[in-house]
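Each reported figure results from applying straightforward, stated rules to the coordinates on display, with no laboratory input. Remember, it's a predicted structure, so these values are computed and weren't measured experimentally. For neighbour counting, all protein chains shown are included, and Cβ atoms are generated from backbone atoms with ideal geometry for every residue, glycine included.
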Amino acid sequence: MKHRILITVTDIRRFRQYTLNQIVKWLVGAGLVILLAALAGGWYYIHTLKQLNREARLKQTRLQERIGALSQTVSELEIEVGKKESQLTQLGDRLAGIEAVVGSEPVAGNNLDSRLESVTLGAAQLALLFSIVPNGAPLPMEGVTSAYGWRVHPLLKKREFHPGIDLRAKRGKPVWTTADGVVEFAGYHKRSGYGNLVIIDHGFGFKTYYGHLKKVTVKRGDTVVKGDIIAISGNTGLSTAPHLHYEIRFLTRTVNPYWFIKWQKSDYRSIFKKIKGVPWESFIALINHMASQAIPVSSRPAQK
């Protein structure tokens, strides 16, 4: 019989006996459990670290892409700023020429807006400016039925750009020209949908269009002076009701007629900020030159 080592554990109620082999087995089992738990925890910890590392690398890649895009944007903005600075320099040089023409001395530190505000036109220059450039309403104002800009065409039912302004007018109202010029077209213009149409070339890049007329009272080649009656309002062409389609173009590009209708001599500078794309500083220089030379804009009345 082999000798066995017994370990007795007693308390006040009972006692238990364990062999050394049993205790060793329990200790080995507990060690294995602890070891497996440690291995599982280590694996989970390493897996979590790898996942965090992948996410960090992905964020770093995205951040680098954003930095690259921002760098490209900054480069483009720097180029655009350079262009704008060049344009401002050119505008300042041109404005300096205008100031010299009108006898206005530039004040150190003033920006271009302030310098433009300081350029003042006299009565003769204003009269010339308002005879050359279309201004005021082409007929008695009774309201606007369709503004300049994008809209759904009332007949074609599709979205399109409205290049002019529709002025409410009953059939038979007199229509007059808003600046001096020469009649370029007078008659029925089927292709545009304007019906009876008058186009007046005012020179210096400006033209005005008067559409949907009942009757045209001028003919091609006539010279007209601001305020001359050129037609009678109507409802011809693609039109749902009597009105006047009034359009202003500068170098073939349409501009919003509303601001020209509202334009007044008492605040003639307002148009400079409302209408972009027109070299107003050049107009001012031209007006002053014409006024100094007493060059007439219109030489004869309209032929009726």
Q: Quick one: what are the phi-derived ³J(HN,Hα) couplings along region 161-167, Karplus 6.51/-1.76/1.60 with θ = phi - 60°, whole Hz, x for glycine and proline?
A: 8, 8, x, x, 10, 9, 9
Q. In whole angstrom, how far apart do the alpha carbon centroids of region 265-296 and region 132-146 sit?
A. 20 Å
Q. Sequence-distant or interchain residues sharing an amide H contact under 5 Å with His189, placed H: which?
A. Gly195, Asn196, Leu197
Q: Work out the FRET efficiency for Met141 and Lys84 from their Cβ-Cβ distance, taking R0 = 41 Å, and round it to the nearest 0.05.
A: 0.60
Q: Percent of Cα-Cα pairs per 5 Å bin, from 0 to the last occupied bin, for region 135-260, please list those.
A: 2, 12, 23, 27, 22, 10, 3, 0
Q) Hey, got the dipole for region 165-279? About the Cα centre, +1 on K and R Cβ, -1 on D and E Cβ, debye to the nearest 20? A) 300 debye
Q. What ³J(HN,Hα) values, in whole Hz, does the Karplus curve 6.51 cos²θ - 1.76 cosθ + 1.60 give for region 126-138 when θ = phi - 60°, with x put for Gly and Pro?
A. 5, 4, 5, 4, 7, 9, 7, 9, x, 7, x, 8, x
Q: Specify which residue in the list Gly149, Asn235, Leu251 is farthest towards the positive end of the charge dipole of region 135-260, using unit charges on the beta carbon of Lys, Arg (+1) and Asp, Glu (-1), about the Cα centre.
A: Asn235
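Between Val182 and Glu160, what length in nm is gained on full extension when 0.36 nm per residue of separation is reduced by their alpha carbon distance? Intermediate values should be presented prior to the final figure.
Values: separation 22, 0.36 × 22 = 7.92 nm, distance 2.99 nm.
Answer, rounded to one decimal: 4.9 nm.
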Q) Which peptide among 156-165, 49-58 comes first, and what is the full order, when sorted by highest mean count of other Cβ atoms within 10 Å? A) 156-165, 49-58
Q: Arrange Tyr194, Tyr45 by Cβ neighbour counts within 10 Å, fewest through most, would you?
A: Tyr45, Tyr194
Q.
What are the ³J(HN,Hα) couplings of region 245-257, residue after residue, when phi is run through the Karplus curve with 6.51, -1.76, 1.60 and θ = phi - 60°? Round to Hz, x for glycine and proline.
A. 8, 10, 9, 10, 10, 10, 6, 6, 9, 6, 10, 6, x
